[in-house]
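Asker: Take this structure first; my questions come after.
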Amino acid sequence: MNEQERQLMAKIFAGYYAEAELDIPSIEHREFGIGNYKKIDARHLSFANVSDFRRYLTTNTPFFVSHSTSYYDFPAATPIQKKQWTGADVVFDLDIHATGKYAAYAKLDMVKADLLRLVDDFLIGDFGVDEKDLIINFSGNRGYHVHIRDPRFLPLGGDERRELVDYIMGHGLDYSKFFSDSYTTDSKKARLIGPRPVEGGYRGRFTRGVIRLLETEPKSISRLFSDPMKREFFISGIKEGNWSKTSLKFDDLVSRLKIVADGLAVQSVDTDAGVTQDLSKLIRVPNTIHGETGLIAKMLKGRGSIERFEPLRDALIETKAIADETMMILFTEDVPALVLGGETLGPFKKDERKESRLPLSIFYVLKGSASVVIR
Amino acid sequence: MAEQGGLDFAVRYPFSPSAKDAIAGIAVNDRIIILARNRIMKALMNDSSGRMLIHEADKKEDIASFAVARMILGILRNNYLTNTFAVNESKTMDRYLNREDDETAMIVSEIFGISPKPKAGGKGGEESFELDLPTYLRFCPRSPAYRLINRRLIHGMVEIKSNEWKRIVQEAARKHIERIPIVKDPPEELKEAGKKILESLPKTENTKLEAIKVEDHPPCVAKLLESLGKHENLPHQARWYLATYFLSLNTSEDDIVKIFSGAPDYSEKVTRYQVAHIKKKGYSVPSCATVLGYGLCVADCRIGSPLAWHRLGRQRKGEIKR
């Protein structure tokens, strides 16, 4: 992107920020970071209120805006010890890694499925967080962010947050421990006592998963269970916590159930960047623009809107000012086909020209795959 | 067992509000300062026994000695002393707590905001409780049995057994006692008492290890070494891990024993015996998966075994540490 293009993009962003919904609780207690050439060029900024923040965005218009997950008495103070930490949202960063600039977009549905499981099973189900204390937003590129703002969680330290991540990702999960030790004996009289479907946490989810699999694809556990009689008999036992109503040997049975245990955890939580456990991290401000895509880190309200959300359709900048505008671009590299803004675009070859609606064109420019054709 | 607000309760739990009330208006005298110093020296000897006190005045002085001991620690601001004191005091408290009825134990527990609810229909007659998740996370000991993944957790409540509840309270007490007050304009007598304690400390500089450098080891080991350097209390598995790890690197037993000299409950005799025992039994270093299971993994090295760290190139090591 050359300077002229950058200015053009900034102008479009500024138009969005003038009317964007920027609802940041306790904004005066957060540290902000902004970036133009990197995600964060400068940090230790602070804003007294939303209108100051909006004024900054419309006049300076950075390409990336993030704020601390932490709350401080003096968010702009340096070094960090002087900020006086008072607590922090618990934040999870879900994303997908794929090779190639565009490969991740095809897999965003997988991240969304993980997101829904994270929210329903783990945060609400296991952790007991109230839905009203959850802020969920698209990251603006390859995933989603979840912010827990339940006051009871705010004082947790880094190690304690790490424990939450480990739980969600199933680190150290040993499902064979769900069963009483007697499962290693081969005696016919011994009973294999295990979890029941009504239990909470991993135990209940595991059990329900086994029953579901028995009902849908019994053979993936054992051919024995293709026989409805044997299957139903086995399931009736599981419901009581008795896993021995089968002729399979206990240790054999338990090892065959690994297939269910392997699918219980949420895999796409990004721990590399340490967003959850590092209390000094900054994270993209919900409803601001991701400068590498021109997509909005859209806040999603309610479960229904998460299910319906299609990032490449619903996170585009759609302001009135640019509603009818188009932009001609010249591709500087080959780009695979993509469904963007409800249209199938491409594949494009290097040196190909294309005129599209503004938010679609700037996506390719910001991705570094095209340049603006000035007419 | 206890009259909750009473003086005996305050002796057993000198961090409680009733303890504060009991010593309100008492002037610090030489006797109390000596008792306070003894209290710290007792911690240095890992002596967590309680004292049998009969007279009211003795009880009050004993309670006051806890407060004064903390003031002395506040003046010294020496991590080793503070953490050693906190570990020892919380162990002393634990001896009492385990003998209390549930009602009294709950009063102590609630001092730290820990309010477990008795769980209806506990299995096998053993009493169980439910504790809210954030409180559980803040105060549970760092050992595999307490890892969240191994617990029953539903709607933000973690199931705990009665003995685990007491252990969590002990941990909360330790953390509470570790936070020493900042003392402005300390009285000369207390400064003097602090000086005497410092003089009786073994010269830690001499036990410093030249052979072992934190930066040579994988992030998990480095973190544990740093924790020991700050005199933090490491869980059993962490100590075990360090011992097996350094034995595998052919570090001498003497040097390994020295590694642990920073631990707040360090005893050379016990450490030496344990290291020798691990060596004799030939226990091997846990795999990365096991280290993760212990809750000690801090980075994403993807090396399978901590020992594989030493085969990585300099650049890869740098990337991981970033």
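Read-outs: derived from the displayed coordinates by stated rules, not from any lab. Not measured: the values here are computed from a predicted model. When we count neighbours, we look across all protein chains shown, and the Cβ atoms used for this are built from the backbone with ideal geometry, even at glycine.
Asker: Give A:177/B:161; A:39/A:298; B:20/B:161 a once-over and call out the pairs whose C-alpha atoms are over 20 Å from each other.
Answerer: Values: A:177/B:161 18 Å; A:39/A:298 18 Å; B:20/B:161 31 Å.
In this structure, B:20/B:161 exceed 20 Å between Cα atoms.
Asker: Sticking with this one: Determine the principal axes of the Cα atoms in the protein assembly as shown, then give the extent along each, sorted from largest to smallest and rounded to whole angstroms.
Answerer: Largest first, the protein assembly as shown extends 94, 73, 52 Å along its Cα principal axes.
Asker: Say the dipole of chain B comes from +1 at the beta carbon of Lys and Arg and -1 at that of Asp and Glu; which of B:315, B:153, B:133 then lies farthest toward its positive end?
Answerer: B:315
Asker: Summing +1 for each Lys or Arg and -1 for each Asp or Glu, what net charge is found among the other residues whose Cβ lies under 11 Å from the Cβ of residue B:215?
Answerer: Taking every Cβ under 11 Å from that of residue B:215, the sum is +1.
Asker: Continuing with the same structure: Compute the FRET efficiency between residue A:52 and residue A:306 as 1/(1 + (r/R0)^6), taking r as their Cβ-Cβ distance and R0 = 25 Å, and round to the nearest 0.05. List each step's numbers first, then the result.
Answerer: Numbers: r = 31 Å, r/R0 = 1.23.
Given R0 = 25 Å and the Cβ-Cβ separation, E is 0.20.
Asker: Using the scaling law 2.2 N^0.38 Å as the reference, what is the normalised Cα Rg of chain A?
Answerer: 1.20
Asker: Also, quick follow-up: For region A:175-261, what class follows from the C-alpha gyration tensor (a ≥ b ≥ c being the square roots of its eigenvalues): rounded when a/c is under 1.5, otherwise prolate if a/b is larger than b/c, else oblate? Spell out each step's value before the answer.
Answerer: Working: a/c = 1.44, a/b = 1.04, b/c = 1.38.
Verdict is rounded for region A:175-261.
Asker: Assigning unit charges at the beta carbon (Lys, Arg +1; Asp, Glu -1) and nothing else, what dipole magnitude in debye, to the nearest 20, does the protein assembly as shown show about its Cα centre? Walk me through the numbers before you get to the answer.
Answerer: Numbers: 104 positive and 96 negative charges, 324 e Å.
Dipole magnitude for the protein assembly as shown comes out near 1560 debye.
Asker: Looking at the square roots a ≥ b ≥ c of the eigenvalues of the Cα gyration tensor of region A:290-375, which shape do they give, rounded for a/c under 1.5, prolate if a/b is larger than b/c, or oblate?
Answerer: Cα axes put region A:290-375 in the prolate bin.
Asker: Related question: Could you work out [θ]222 nm for the protein assembly as shown from helices alone, using -39500 (n - 2.57) per DSSP H run of at least four and dividing by all its residues? Round to the nearest 500 deg cm²/dmol.
Answerer: Numbers: 27 runs with 284 residues, N = 697.
For the protein assembly as shown, the value works out to -12000 deg cm²/dmol.
Asker: Also, quick follow-up: Enter the Cα centre distance for the pair region B:7-38 and region A:198-220, rounded to the nearest angstrom.
Answerer: 57 Å
Asker: Report, in order of residue number, the helices in chain A meeting two criteria: a C-alpha extent of 18 Å or more along the helix axis, and a mean Kyte-Doolittle hydropathy of at least -1.0; treat each whole DSSP H run as one helix.
Answerer: Once both thresholds are applied, what remains is A:3-19, A:201-216.
Asker: Note the angle between two axes, namely the Cα long axis of helix B:56-76 and the longest principal axis of the Cα atoms of chain B, as a number of degrees from 0 to 90, rounded to the nearest 10.
Answerer: Approximately 40 degrees, to the nearest ten.
Asker: Let me ask another. Which shape class, rounded, prolate or oblate, goes with region B:204-321 when its Cα gyration tensor gives a ≥ b ≥ c as root eigenvalues, a/c under 1.5 marks rounded, and past that a/b bigger than b/c marks prolate?
Answerer: Prolate, since a/c reaches 1.5 and a/b exceeds b/c.
Asker: Too long at a 30 Å Cα-Cα cut-off: which of A:112/A:367; A:301/A:350; B:258/B:281; A:83/A:132?
Answerer: On the way: A:112/A:367 22 Å; A:301/A:350 39 Å; B:258/B:281 21 Å; A:83/A:132 28 Å.
Correct reply: A:301/A:350.
Asker: Here is a follow-up. So how much slack lies between residue A:371 and residue A:239, counting 0.36 nm per residue of separation and subtracting their Cα-Cα distance, in nm? Walk me through the intermediate numbers first.
Answerer: On the way: separation 132, 0.36 × 132 = 47.52 nm, distance 6.14 nm.
Taking 0.36 nm per residue and subtracting the Cα distance, the gain is 41.4 nm.
Asker: So which residue, out of B:215, B:126, B:253, gets the largest mean-square fluctuation from a GNM of chain B using Cα contacts under 10 Å as springs?
Answerer: B:126
Asker: Excluding residue B:292 itself, what net charge comes from residues whose Cβ is under 13 Å from its Cβ, given Lys and Arg +1 and Asp and Glu -1?
Answerer: -1
Asker: At what distance in nm do the modelled label points of residue B:269 and residue A:352 sit from each other, each positioned 7 Å from its Cα along Cα→Cβ?
Answerer: Using points 7 Å along Cα→Cβ, the separation is 8.2 nm.
Asker: Can you tell me which of B:276, B:64, B:238 moves the most in a GNM of chain B? Springs connect C-alpha atoms under 10 Å apart.
Answerer: Evaluated over chain B, the most mobile residue of the options is B:276.
Asker: Quantify how much of the Cα-Cα distance distribution of region A:79-183 extends past 19 Å, in percent.
Answerer: Above the 19 Å cut-off, region A:79-183 has 56 percent of its Cα pairs.
Asker: Can you give me the Cα centroid spacing of region A:338-364 and region A:71-117 in angstrom?
Answerer: Their Cα centres are 28 Å away from one another.
Asker: Hey, what D do you get for region B:34-74 in µm²/s if you plug the Kirkwood alpha-carbon radius into Stokes-Einstein at 20 °C and 1.002 mPa s?
Answerer: Result for D is 203 µm²/s.
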